[in-house]
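Enquirer: For reference, the structure I am asking about is given below.
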């Protein structure tokens with residue numbers, strides 16, 4: 001009887017292990033291609049903070065929508081050298097909420113999106129709001145923080161078209 005019970009338990013463990021869904025690879029396990037010649041790279045990432053916002057946050061370079069970053073995700077875009085204002089869509093305001101960077105060919109910038117939950121101070125009744133702030137992070141710290149996050153590989157068609165349009169205007 002005990003032998004049959006052990007076999008059933010072992011079978012259940014094997015079946016359940018086979019049913020578990022595979023997750024996307026961590027950022028440090030993916031092969032991110034090198035920066036194309038004559039381009040610069042912008043990394044945007046968010047830590048997984050389940051008590052903050054779980055929504056995907058639209059991000060912008062020079063007011064052009066380049067995609068959205070979810071909690072625990074990394075997004076990168078290759079851009080032509082130039083000056084870029086990095087911002088995230090935010091319900092609330094915060095001092096120095098956006099960041100402006102100048103990028104040359106082959107350069108990389110790391111921008112972390114921090115979120116703060118709070119109440120809208122302008123509302124007549126308390127309404128929750130989430131404020132997103134762009135924080136520039138040193139490469140060695142950013143690479144360590146991004147390592148355990150998941151790479152966001154899908155870019156919306158509108159974001160791809162907007163980036164192509166931005167590149168064409170800079171040429």
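Enquirer: Residue 81 - would you say it is farther than 18 Å from residue 47 by Cβ, out of contact with any strand residue (DSSP E or B) (no Cβ under 8 Å at 6 or more places or on another chain) and surrounded by fewer than 20 Cβ atoms within 10 Å (Cβ to Cβ)?
Expert: Judged against the criteria, residue 81 is not a match.
Enquirer: Return the total of residues in the range 51-70 being surrounded by 19 or more Cβ atoms within 10 Å (Cβ to Cβ), modelled with pLDDT of 95 or more and outside any strand (DSSP E or B).
Expert: Adding up the residues that qualify gives 0.
Enquirer: Take the residues of the range 34-50 that are farther than 18 Å from residue 140 by Cα and over 17 Å from the mean Cα position of the chain (by Cα): which is surrounded by the fewest Cβ atoms within 10 Å (Cβ to Cβ)?
Expert: Among residues in the range 34-50 that are farther than 18 Å from residue 140 by Cα and over 17 Å from the mean Cα position of the chain (by Cα), the one surrounded by the fewest Cβ atoms within 10 Å (Cβ to Cβ) is 37.
Enquirer: Consider only pairs whose beta carbons are under 9 Å apart and that are at least six residues apart or on different chains; among these, list those whose first residue lies in the range 90-111 and is at positive phi and whose second residue is surrounded by 13 or more Cβ atoms within 10 Å (Cβ to Cβ) and at pLDDT 90 or above.
Expert: 96/133; 96/134; 106/35; 106/39; 106/40; 106/41; 106/81
The values are calculated or read from the model by the stated rules, or taken from the named source; none is laboratory data. Note that the structure is predicted; figures quoted are calculated from it, not measured. Positions of Cβ are generated from backbone atoms using ideal geometry, with glycine treated the same way; all protein chains shown enter the neighbour counts.
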